[in-house]
Amino acid sequence: MTGMVVMKNKGFLYIFVIPVLITLYGFFQLYRMNDGVSPSDYGYDYNEMALRHFLSTIGLISSLLSLFISGAAMALCRYSTTVARKSQNTLVIMFNRCRKVFPFMMLGQIVFCGLSIIFYAFSEIAWIVSAFEMDTGSYKLLTLIGMGVLGVLWILIKSLINIKNCFAMFQPTPSLVIGHNVSEQQAAGLWQWVRELAAKINAVIPDNIVVGMEECFYVTANSVQLVDGEHLTGNTLYFPVTYARFMSEDEIAAVVGHELGHFTGQDTQYSLRFTPLYSGLQNSLEQVAIKAMGNSWIDNIVIYPALYIGNYFLKNLDETVNYWSRIREHAADAVGAKASSEQAFSSALLRICALSDDISQQIHRLYQGKFNDPDLAATVFEALKSRETIDAKAQLENSTIHPLDSHPPTSLRIAALNVQVDDALLIQASRPVSEHDYHNMDKWFADPQGLCQQLTQALKKELGEQGEQIRKELEAVSQIVAPEETLTFRLGKKNVWFMGGFAMVLFIIAAWVTSLIFSGPGAAGSTQVKVAAWTAGFSLFFALASVAMYRKTLQPLFTLSNDSILSVQLNKPVMLVDIEDISMRVIQSNCYLDLIMREDAELPISLLGRFSRSIAVVTKKHKITMIIAGTLLKEGCNEKISFDELYELLAKYLQAAHARRVLIELNS
């Protein structure tokens, strides 16, 4: 469950509706002071009225400015993303313009939204002081309002102190990489080969070549922070020996040519100036959204409109970025084919996809702390050597992995090069690993075996530490729910009494009207008969509804254990690890709790009819909805639990269950 999910559902509410409501409240305050009543009629002092008017006016101006910023931000987003479709260069220009303007918009949104609430609250305090005789109740009310004002003021100060985050979101952040920056002395052959390849395709020669084992081939213009402490700037080519060991020189040339192709023509500026910032912005907004999930509602009112402005910008930009991403990937594919051949590039794509699972399995062992071999590439080679072929055909609809970008399916990329997926291509891509390919790249390095062992040890150390840290965190989360802990919930009788009482009132009215009809002189009027009939009908309806609700309270709604949700209304338990996310909507006194299930999870079957169930299985949306009408009680102690407490409890059980699942996978 992430902050972004929540943000997508409530973005418009926070960007516009909240500022609009705050603005309307300002108009309401001014209307109360200008309703035609003289201050003397209520004994107001003119100076006090002027003070209230001043405070409300300043608050209204602040909220109007907040609303203006929301509208201006959305208009700028729409305009920028529309214009950015003209060219990649235009996208870079518009993004740079927005990244300079949006931090100030986010800052202004926080400041003006917070100030408007503070001034409105001070205006209300001035009204209470002037309109009422001060007694104990008045002082309590003033204290509550004052505490609210101080709370908003503190949030505003805290937001201003941390406002640098608004600016940091739009600045590039270094990429953390596990690898070794090879020098000319360590890899003279590789540097010479890359220079010749760059000259062949008229591409920019990278400033750095980082040799690693964890990722696939990629280039970046972002600054790179190596785990050994070295900081790299300029264009960096990441060269993975784990993949290069099992590819021909022509295939390697095609893939490296594709990556260097991102530093040709318009794509140069796109890669240099846009991709690093865009990637950093995505990560920053995601982290801020996650941190904001624990904030109070008053925090959300002040901070969230600014946060959602950034999210709205990113969401609209995504469509344009994906549009250009497809174009630039196909253009870079053409450059890669030029560096070698269309056939070699197509074979390389299929082979990389086929190799990724085997390489990932060994890296997974590093996370587990179970990898003890000196050379990761050699271990992968030994694991693959016994196979007659590598299944490349199964990879046609898969995509090559990339740490900073996304790629189209391999079949579409091959088709764009006008290459037929025939037996010759599949045989080439599926060929078994060979000593020739494995040692082909040795000529590029001064000490290839020593380098691979050095990289393996660095990767083992870093991933081992990461794995141990992750394992400790998962163990802590998994233990927040005891294995034997179970909670059973049932619906309260609040709505039963309400419906039953309402039915009784209607029945009494119907009986009274009926008695008037029969006791009055002459024939009963048609209106009286209709009133009696309709009232009696509604009385019967609410009586039946109260009976149905009462029957629902006789049995538990569901039982929550450390691994499942069990209900008599479903044919089987709902496993917590099958739940991807939960969301909650509260309408009046009813709660609608949605359990969003994994796509591959088998849904249970509802055992009750549509009008008698409280748990609905929505097959089309692959979710289960709990409808909690009225109050919810913990069985045994009959303790009432609020909807927010229920949500937090389910979230806690869900986190613990998923943590246990990941721990099992790590230890398997």
Inset, instruction - Test ASP422 against the stated conditions and say whether it is charged (D, E, K, R), without any contact (Cβ under 8 Å) to a residue 12 or more places away in the chain and out of contact with any strand residue (DSSP E or B) (no Cβ under 9 Å at 6 or more places or on another chain). - result: yes
Inset, instruction - State yes or no: is LYS640 under 30 Å from the mean Cα position of the chain (by Cα), loosely packed, with under 13 Cβ neighbours inside 10 Å and over 19 Å from PRO573 (Cβ atoms)? - result: no
Legend entry - Filtered residues of region 349-392 (kept if among the basic types (Lys, Arg) and touching a residue at least 40 places away in the same chain (Cβ under 8 Å)): ARG351, LYS385, ARG387
Inset, instruction - With the condition kept exactly as written, say whether any residue in region 548-557 is modelled with pLDDT of 80 or more and more than 22 Å from THR619 (Cα to Cα). - result: yes
Legend entry - Complete set of residues in region 69-88 that are part of a helix (DSSP H, G or I) and surrounded by fewer than 16 Cβ atoms within 10 Å (Cβ to Cβ): GLY71, ALA72, ALA75, ARG78, TYR79, THR82, VAL83
Legend entry - Residue check for SER341: touching a helix residue (DSSP H, G or I) at 6+ places or on another chain (Cβ under 7 Å) and more than 30 Å from PRO174 (Cβ to Cβ): yes
Legend entry - Extreme residue, surrounded by the most Cβ atoms within 10 Å (Cβ to Cβ), among residues of region 203-213 that are at pLDDT 90 or above and not small (Gly, Ala, Ser): MET213
Inset, instruction - Kindly indicate whether SER478 is within 31 Å of the chain's Cα centre (by Cα) and surrounded by 13 or more Cβ atoms within 10 Å (Cβ to Cβ). - result: yes
Inset, instruction - Could you tell me whether any residue of region 260-276 is modelled with pLDDT of 85 or more and either of a type outside the set (Gly, Ala, Ser) or in the same structural domain as ASN440 (by TED's automatic domain parsing) (or both)? - result: yes
Legend entry - Members of region 377-430 found to be in a helix (DSSP H, G or I) and touching a Lys or Arg at 6+ places or on another chain (Cβ under 8 Å), listed by number: ALA377, VAL380, PHE381, LEU426, ALA429
Inset, instruction - State the number of residues belonging to region 564-593 that are of a type outside the set (Lys, Arg), farther than 22 Å from GLU635 by Cα, part of a strand (DSSP E or B) and out of contact with any helix residue (DSSP H, G or I) (no Cβ under 8 Å at 6 or more places or on another chain). - result: 2
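The values are calculated or read from the model by the stated rules, or taken from the named source; none is laboratory data. Everything quoted here is computed from the prediction, not taken from an experiment. Backbone-built Cβ (ideal geometry, glycine too); neighbour counts: all protein chains shown.
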